Amino acid sequence: MSRGFRSLAAWAGAAVAALLVAGAGGFAAYKARAVARELVDPPFYHVPPLERVQATYAELAAGSEGDPGGVWETFPAGSRDVWLLRRRNPAPGVVLLLHGFGDDRWGTSPALKWFPELDAAIFTYLGRDDAMRGGGPAPAVTFGAREAAEVVDVVHAFEARGVPRNRILLMGRSLGASVGLLALAALEKEGRGPLGGIIWEGAPASSRDFAERLVRGPEDHFWHGALAPLIGNLASSRAARLGGYSREATDLLAVTSGMTFQTPSLAFIASQDRLAPPPVQRAVAARFKTSRAVEVPTWHLHCSEILGPGYAAQVRAAVREWFPSRR
């Protein structure tokens with residue numbers, strides 16, 4: 001083989017390699033932008049019309065399927081309004097229902113049926129639903145960095161209304177679980193005692209980890225090993241800039257490092273979850289002094305479907321243990 005031919009072959013190989021690298025880089029940049037947009041503004045969320053929200057609230061107030069219903073009232077907590085379903089009989093406590101990624105207070109409200117013995121409170125992080133109904137720009141989702149502070153505000157507002165924090169329960173699934181855990185860490189660091197309890201399921205480990213897992217999706221592909229971590233890092237970094245928050249503030253293991261939560265916990269761990277890594281769920285559950293973890297062979301947000309009536313039974317058993325009736 002002549003020297004000229006070898007040089008040409010080397011040049012061609014280098015050119016092909018450069019094209020492959022450029023193509024991979026272009027794909028990574030495109031994918032990172034798309035994932036970043038999804039992190040700050042979930043494309044599948046469509047704010048429900050107020051008429052539909054009000055109809056749902058009326059049905060919940062009327063009660064059904066063993067739930068006694070109640071009377072709705074609203075009150076301010078920091079910069080947010082909270083909707084509270086007060087039971088007709090005195091309740092031993094209140095559950096604050098925290099919505100997940102791409103959801104709002106309306107989407108979370110039916111879960112109050114799992115807590116027939118408690119008053120139930122709901123609100124939408126950052127007021128995204130009201131902003132969208134008003135035609136304004138929707139505040140960016142910050143993956144718990146700002147949302148958790150609003151949960152702290154709501155707990156403080158309940159305390160100001162005479163509800164002790166040991167009579168307040170947090171319940172969250174998906175992003176709502178992360179928000180609840182991050183808020184609980186801030187509340188316990190205040191040194192004013194534990195909450196009544198926290199029930200959580202499928203907490204994303206961090207915005208960076210969740211971004212990578214969005215890239216990976218439901219199935220593995222050959223390029224994931226090389227590109228998914230890079231794209232996840234780029235996407236979460238871009239999302240943090242767009243939302244004006246620190247990615248570190250969303251990292252469950254980092255924020256709770258060295259803590260032993262005094263608040264009792266019930267965790268539903270989806271052992272096949274691709275969005276909320278089971279090892280992180282187990283590690284966080286182990287940071288509670290009093291903890292029960294129920295492992296379910298499913299993935300994100302499907303524990304209640306797999307367990308059926310057993311899911312509500314676990315929830316109500318925890319409530320009876322943590323909130324002895326006042327009657």
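Here, each number is a calculation from the coordinates, and none is a lab measurement. Source: prediction; values computed, not measured. Don't worry about glycine lacking a Cβ; one is built from the backbone with ideal geometry, like all the others, and counts go over all protein chains shown.
Listed values, structure above:
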| read-out | value |
| --- | --- |
| Mean separation of Cα contacts under 8 Å, 6 or more apart, over the residue count of the stretch 81-151: relative contact order % | 33 percent |
| Student exercise, the chain dipole from Lys, Arg, Asp, Glu Cβ charges, in Debye to nearest 20 | 620 debye |
| Amide H contacts under 5 Å for V95, placed H, 5+ residues apart | D119, A120, A121, L169 |
| Projected label distance in nm at E305 and E219, using a 7 Å step from Cα toward the beta-carbon | 1.8 nm |
| Whole-number percent relative contact order across the stretch 106-189, with pairs defined as alpha carbons under 8 Å at least 6 apart | 24 percent |
| D (Stokes-Einstein, µm²/s), Kirkwood Cα radius, the stretch 131-173, 1.002 mPa s at 20 °C | 172 µm²/s |
| Qualifying GluC sites (Glu not before Pro) in the stretch 187-281, DSSP loop, other Cβ atoms within 10 Å at most 11 | E190, E219 |
| Helix 207-216 axis, angle to the chain major axis (alpha carbon atoms, nearest 10°) | 60 degrees |
| Tilt relative to the chain, helix 50-62 - C-alpha long axis, 0 to 90 degrees, to 10 | 40 degrees |
| Residue order, fewest to most beta carbons within 10 Å, for T290, T124, T256 | T290, T256, T124 |
| Selection of chymotrypsin sites (Phe, Trp or Tyr not before Pro), the stretch 193-267, meeting DSSP coil and at most 15 other Cβ within 10 Å | F222, W223 |
| Sequence-separation-based contact order of the chain, relative, with Cα cut under 8 Å and 6+ spacing, percent | 17 percent |
| Computed helical MRE - 222 nm, the chain, DSSP H runs ≥ 4 contributing -39500 (n - 2.57), nearest 500 | -14500 deg cm²/dmol |
| Trypsin sites (Lys or Arg not before Pro) within the stretch 212-276, DSSP loop, no more than 16 other Cβ atoms inside 10 Å | R274 |
| Sequence-distant residues sharing a close amide H with S271 (under 5 Å, placed H) | V296, T298 |
| Note, ³J(HN,Hα) from phi for the stretch 114-123, Karplus 6.51, -1.76, 1.60, rounded to Hz, x at Gly and Pro | 6, 10, x, 8, 10, 5, 9, 10, 9, 7 |
| Ranked R52, R282, criterion: other C-beta atoms within 10 Å, fewest first | R52, R282 |
| Around I199: net Lys/Arg minus Asp/Glu count, Cβ-Cβ under 11 Å | +2 |
| Rounded to 10°, Cα long-axis angle of helix 147-160 versus longest principal axis of the chain | 10 degrees |
| Ranked H46, H300, H99, criterion: other C-beta atoms within 10 Å, fewest first | H46, H300, H99 |
